[in-house]
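The values are calculated or read from the model by the stated rules, or taken from the named source; none is laboratory data. This structure is a prediction, so every number in the text was calculated from the model and none was measured. Please note: Cβ atoms are built from the backbone with ideal geometry, for glycine as well, and neighbour counts cover all protein chains shown. These area figures cover heavy atoms from the full protein model, side chains too; ligands, DNA and RNA do not enter into them. Shrake-Rupley method; radii C 1.70, N 1.55, O 1.52, S 1.80 Å.
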Amino acid sequence: MTIHRLSEAQLLRGVDQNDLDLIEAAGDVLEVPAGQRVIEEGAVPQRLVLLVAGSLTVFVPDPANRSQGKRLATIKAGDSCGEYGFIDRRPASASVKAMEDSEIFAIANDTFNDLLHQNREMERIIYRNLLTTLVNRLRASNVVIDMLRTPPD
């Protein structure tokens, strides 16, 4: 059952079963075929996505060849995407597409926000998880930036 896999998602760790049931009822489980985009660069994401099964890739178009992209990251089962849009409602700075046939759980930003405002404990747990996720990504980005700044030996 999907809810079992949702409870393993980083964003939902520590959320109790009753709240997981509310979240599951408010979102949709979707099959995403390989190659299909889940988030489009330049568009304001309208939903938060949790990867249930499969894999997604985060990429930006290559300026030299717009039909190709430069991969930035891989999203694995249990990871999420669309967090920036959930927080700031601004256009996505990268696209996300399925690398293989995948299964996602998607919940509309407004719906998820309403659920969180109705339950402050769930909100606290999820925002803490969200902050941890974003800090981990920032740290990983800083490592890459440091490597690019450091001249090779």
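Overview of values
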item: Meets criteria (out of contact with any helix residue (DSSP H, G or I) (no Cβ under 8 Å at 6 or more places or on another chain) and polar (S, T, N, Q)) for SER102; result: yes
item: Residue within segment 56-74 that is of a type in the set (Gly, Ala, Ser) and within 19 Å of GLY27 (Cβ to Cβ) present; result: no
item: Segment 9-37: number of residues that are at positive phi and free of Cβ contacts under 8 Å to residues at least 60 places away in the same chain; result: 0
item: Selection count, segment 38-56, where residues are farther than 8 Å from ALA98 by Cβ and either without any contact (Cβ under 8 Å) to a residue 60 or more places away in the chain or surrounded by fewer than 19 Cβ atoms within 10 Å (Cβ to Cβ) (or both); result: 12
item: Segment 21-37 - residue that is of a type in the set (D, E, K, R) and within 25 Å of LEU116 (Cβ to Cβ) and, of those, most open to solvent (accessible area, probe 1.4 Å); result: ASP28
item: Unmet criterion (only one of (1) assigned to a helix (DSSP H, G or I); (2) in contact with a Phe, Trp or Tyr (Cβ under 8 Å, 6 or more places away or on another chain)) for ARG124; result: (2)
item: Criterion violated by HIS117 - all others in (1) over 27 Å from GLU24 (Cβ atoms); (2) open to solvent by 60 Å² or more (accessible area, probe 1.4 Å); (3) not charged (D, E, K, R) satisfied; result: (1)
item: Condition broken by LEU11, with the remaining ones in (1) assigned to a strand (DSSP E or B); (2) buried (at least 18 other Cβ atoms within 10 Å of the Cβ); (3) not charged (D, E, K, R) satisfied; result: (1)
item: Given (1) farther than 16 Å from ARG47 by Cα; (2) open to solvent by 90 Å² or more (accessible area, probe 1.4 Å); (3) basic (Lys, Arg), index of the condition ARG90 fails; result: (1)
item: Filter result for the condition that a residue is open to solvent by 20 Å² or more (accessible area, probe 1.4 Å) and either in contact with an Asp or Glu (Cβ under 9 Å, 6 or more places away or on another chain) or not in a strand (DSSP E or B) (or both), over GLY85, GLY78, GLY69; result: GLY69
item: Total residues in segment 86-119, condition out of contact with any strand residue (DSSP E or B) (no Cβ under 8 Å at 6 or more places or on another chain) and of a type outside the set (A, V, I, L, M, F, W, C); result: 11
item: Only one of LEU148, LEU116, LEU138 that is assigned to a helix (DSSP H, G or I) and in contact with an Asp or Glu (Cβ under 6 Å, 6 or more places away or on another chain); result: LEU116
item: Residue list for segment 70-86, filter: touching a residue at least 12 places away in the same chain (Cβ under 8 Å) and either under 22 Å from VAL143 (Cα atoms) or among the β-branched types (Val, Ile, Thr) (or both); result: ARG71, LEU72, ALA73, THR74, ILE75, LYS76, ASP79, SER80, CYS81, GLU83, TYR84
